[in-house]
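A.B. asks: Have a look at this one before I ask anything.
The values are calculated or read from the model by the stated rules, or taken from the named source; none is laboratory data. Here the structure is a predicted model, which means the values were calculated and not measured. Cβ placement follows ideal geometry from the backbone for every residue including glycine, while neighbour counts extend to all protein chains displayed.
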Amino acid sequence: MKKIVYAGLVGLVFVFGFTTIQSPDNCDKKALTASCKKKMEPYKYDSQKFTKISFTKKAQQLEVEVPVFIGEKYRLIFNTTALPKAIQINVYTKDKDSKKREPIYTSKAGDTEMTFDVPRARKLFVDYDVPADTLAQKGGSGCMVFMVGYK
């Protein structure tokens, strides 16, 4: 009987201990996804990427490769309302190692919900340019949703 009580007590300590370690943020995945799906019409939902971003003292660049089918029309939707700071989003047809890549889409400063209808392409590379956080305070993180639809 003592072993069961002890095991239960240890389990509770782990549950409460690990939940307090997690940093509080405003990442409501369902709300972010719902707002993106509203902008998807008349395209059909294909996939989404939920990304958690932590701001650090150094600038960062995160790249996501999106494979697409030739002959299909695509719509990309970004929702960055849950990020504490603005980030720059660029879409390219070549990866960051290519010398001849040019952006086919660049987000505007201050936009938090962006929609982009993609011209015909074989691959897409989405880059998130995360600025340096000079304060690098505790809780300097957030999340965003990137959704893909096709027609």
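A.B. asks: Please state which of the following conditions K52 fails to meet, knowing it meets all the rest: (1) more than 12 Å from G149 (Cα to Cα); (2) in a loop (DSSP other than H, G, I, E, B); (3) not polar (S, T, N, Q).
C.D. replies: Only one criterion in (1) more than 12 Å from G149 (Cα to Cα); (2) in a loop (DSSP other than H, G, I, E, B); (3) not polar (S, T, N, Q) is unmet by K52, namely (2).
A.B. asks: Quick one: in segment 110-130, which of the residues that are assigned to a loop (DSSP other than H, G, I, E, B) and either in contact (Cβ under 8 Å) with a residue 60 or more places away in the chain or within 17 Å of the chain's Cα centre (by Cα) (or both) is nearest to K52 (Cα to Cα)?
C.D. replies: Across segment 110-130, the extreme among qualifying residues is T112.
A.B. asks: Restricting the search to segment 97-115, which residues are over 16 Å from I87 (Cα atoms) and either surrounded by 11 or more Cβ atoms within 10 Å (Cβ to Cβ) or among the hydrophobic types (A, V, I, L, M, F, W, C) (or both)?
C.D. replies: Answer for segment 97-115, where residues must be over 16 Å from I87 (Cα atoms) and either surrounded by 11 or more Cβ atoms within 10 Å (Cβ to Cβ) or among the hydrophobic types (A, V, I, L, M, F, W, C) (or both): S98, R101, I104.
A.B. asks: A further question on this structure: Taking the criterion of being over 20 Å from D28 (Cβ atoms), touching a residue at least 12 places away in the same chain (Cβ under 8 Å) and not in a loop (DSSP other than H, G, I, E, B), would at least one residue in segment 136-148 satisfy it?
C.D. replies: Checked segment 136-148: at least one residue is over 20 Å from D28 (Cβ atoms), touching a residue at least 12 places away in the same chain (Cβ under 8 Å) and not in a loop (DSSP other than H, G, I, E, B).
A.B. asks: Just for segment 28-43: of the residues that are outside any helix (DSSP H, G or I) and exposed (fewer than 15 other Cβ atoms within 10 Å of the Cβ), which one is farthest from the chain's Cα centre (by Cα)?
C.D. replies: Only one residue fits best here, namely P42.
A.B. asks: Considering segment 92-109 alone, what residues qualify as being not in a loop (DSSP other than H, G, I, E, B) and not aromatic (F, W, Y)?
C.D. replies: P103, I104, T106, listed by residue number.
A.B. asks: Of everything in segment 44-68 that's among the β-branched types (V, I, T) and at pLDDT 90 or above, which residue is surrounded by the most Cβ atoms within 10 Å (Cβ to Cβ)?
C.D. replies: I53
A.B. asks: Tell me which residues, restricted to segment 68-91, are farther than 26 Å from G142 by Cβ and either assigned to a strand (DSSP E or B) or charged (D, E, K, R) (or both).
C.D. replies: Answer for segment 68-91, where residues must be farther than 26 Å from G142 by Cβ and either assigned to a strand (DSSP E or B) or charged (D, E, K, R) (or both): E72, K73.
A.B. asks: Can you list residue pairs whose Cβ atoms sit under 6 Å apart, with the first residue in segment 87-107 being free of Cβ contacts under 8 Å to residues at least 40 places away in the same chain and over 25 Å from D133 (Cα atoms) and the second being surrounded by 15 or more Cβ atoms within 10 Å (Cβ to Cβ) and of a type in the set (A, V, I, L, M, F, W, C)? Count only pairs 6 or more apart in sequence or on different chains.
C.D. replies: If the second residue must be surrounded by 15 or more Cβ atoms within 10 Å (Cβ to Cβ) and of a type in the set (A, V, I, L, M, F, W, C), the pairs left are Y92/F125; T93/A121; D95/F125; I104/V91.
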